[in-house]
Amino acid sequence: LTLQAIIDETIARGWSFVAKVHLHEAESFDDLEVTVLTNDRLYALEVTPYELFGAADLLITDYSSIYTERAALGLPYALWCPDYQEFASSYRGFREPEFLSLETTNILHSVNDLAQRLTPRETGTLS
């Protein structure tokens, strides 16, 4: 499952895709036709990253701990971890034991996993 496939599926269903990226990764999104926000851009708009995360209908993240806050608040999230096995065995590994025991429904393995979370935008709800 590629980032481009996630973007394409999101847009095909009428949703907007906004990428909040680390400053040093912003250039890697140049070829993708999506809105890219860094902390500096958010602060210029007088929006904090947490306000953006809280306003999202669905947060898709990788290994960031932001998913734990969404889960605790009962807000929808999905994990995109295309390098899960490699990351698990790396020097960084997983610090959170709960990450390893997450419900598999929260991990995106395919476009179908994402499609199950998105309803057509006109309904404005998540399934």
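With θ set to phi - 60°, apply the Karplus curve 6.51 cos²θ - 1.76 cosθ + 1.60 along segment 70-77 and write out the HN-Hα couplings as whole Hz, x wherever there is a Gly or Pro.
Karplus values, whole Hz, x for Gly and Pro: 4, 4, 5, 8, x, 8, x, 8.
Could you pull out every residue, at least 5 positions away or on a different chain, whose amide H is within less than 5 Å of the one on residue 59? Hs are placed 1.01 Å off N in the peptide plane, and Pro or chain starts have none.
77, 78
Nearest 0.05, what FRET efficiency do residue 2 and residue 45 give at R0 = 22 Å with Cβ-Cβ as r?
Working: r = 29 Å, r/R0 = 1.30.
Computed FRET efficiency for residue 2 and residue 45 comes out at 0.15.
Report the local net charge at residue 59: Lys and Arg +1, Asp and Glu -1, summed over other residues whose C-beta lies under 14 Å from its C-beta. Before the final figure, lay out the partial values.
Working: positive: 20, 70, 117; negative: 51, 57, 62, 69.
Counting the neighbours of residue 59, the net charge comes to -1.
How far apart, in nm, are two points set 7 Å out from the Cα along the Cα-to-Cβ line at residue 34 and at residue 85?
Each label point lies 7 Å from its Cα, and together they span 2.5 nm.
Using θ = phi - 60° and the Karplus curve 6.51 cos²θ - 1.76 cosθ + 1.60, what whole-Hz ³J(HN,Hα) does each residue of segment 8-25 get, with Gly and Pro shown as x?
3J(HN,Hα) across segment 8-25, in whole Hz: 4, 5, 4, 5, 4, 8, x, 8, 9, 10, 10, 9, 9, 10, 6, 3, 6, 9.
Throughout, read-outs are computed from the coordinates displayed, never taken from laboratory work. Treat the numbers as computed from the prediction; the structure is a model and nothing was measured. Virtual Cβ from ideal backbone geometry, glycine too; neighbours counted across all protein chains shown.
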